[in-house]
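The values are calculated or read from the model by the stated rules, or taken from the named source; none is laboratory data. Everything quoted here is computed from the prediction, not taken from an experiment. No Cβ is skipped: glycine too gets one built from the backbone with ideal geometry, and neighbour counts run over all protein chains shown. Calculation scope for accessible area: heavy atoms of the full protein, side chains included, ligands and nucleic acids excluded. Shrake-Rupley method; radii C 1.70, N 1.55, O 1.52, S 1.80 Å.
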Amino acid sequence: MLLQRAFYRPIAQSIRNASAVPKVGLNPPPLEQWDPLNPGEWQLGAGGKLVPRLPEGTRVGDLVMGKYGLYNPAARKLAQSFGGAIKGAKQPEIVAPQLRHFRPIVHALTAVCLVIFVWNSVSLVNGKLIWPYEGTKRRG
């Protein structure tokens, strides 16, 4: 009996919460007629539904409504600081010290790409397989 009360949720309560969502007097246009490049007073929401456009500056969880849609203020601040750093010819580590750990990873991946490029170039110039595939037979 106690367990039933713990998990019991009346249906009327969930209906009341669902009806608390404000209704807009206008109906959205059909999705086929809606232009994403000129959205007007409607925007594309979750699940591909058209929802009324929020006023600029409205907070939705961690996001903020901007001119072109929702954005993360922290990510936008980082992007703007990178833009300023590029104009000033600064290194990314100066703008965002937390990104200094990515530099060795980028260098390692670049070195791997260069080694693969050199190996493929030598294979093309030779016209045959080189180490470690020089002893293998081709299929077909």
Candidate set from the stretch 87-117 (those that are of a type in the set (A, V, I, L, M, F, W, C) and at pLDDT below 80); member that is least open to solvent (accessible area, probe 1.4 Å): A96
Yes/no for N120 being touching a Leu at 6+ places or on another chain (Cβ under 7 Å), surrounded by 10 or more Cβ atoms within 10 Å (Cβ to Cβ) and either modelled with pLDDT of 90 or more or polar (S, T, N, Q) (or both): no
From G69, G84, residue being open to solvent by less than 60 Å² (accessible area, probe 1.4 Å), at pLDDT below 85, within 30 Å of G40 (Cβ to Cβ) and not hydroxyl-bearing (S, T, Y): G69
Pairs where the first residue, in the stretch 116-140, is without any contact (Cβ under 8 Å) to a residue 60 or more places away in the chain and the second is open to solvent by less than 100 Å² (accessible area, probe 1.4 Å) and part of a helix (DSSP H, G or I), C-beta under 7 Å, 6+ apart: L129/S123; I130/V122; I130/S123
Members of the stretch 52-81 that are aliphatic (A, V, I, L, M) and in contact with a helix residue (DSSP H, G or I) (Cβ under 9 Å, 6 or more places away or on another chain): L63, V64, L78
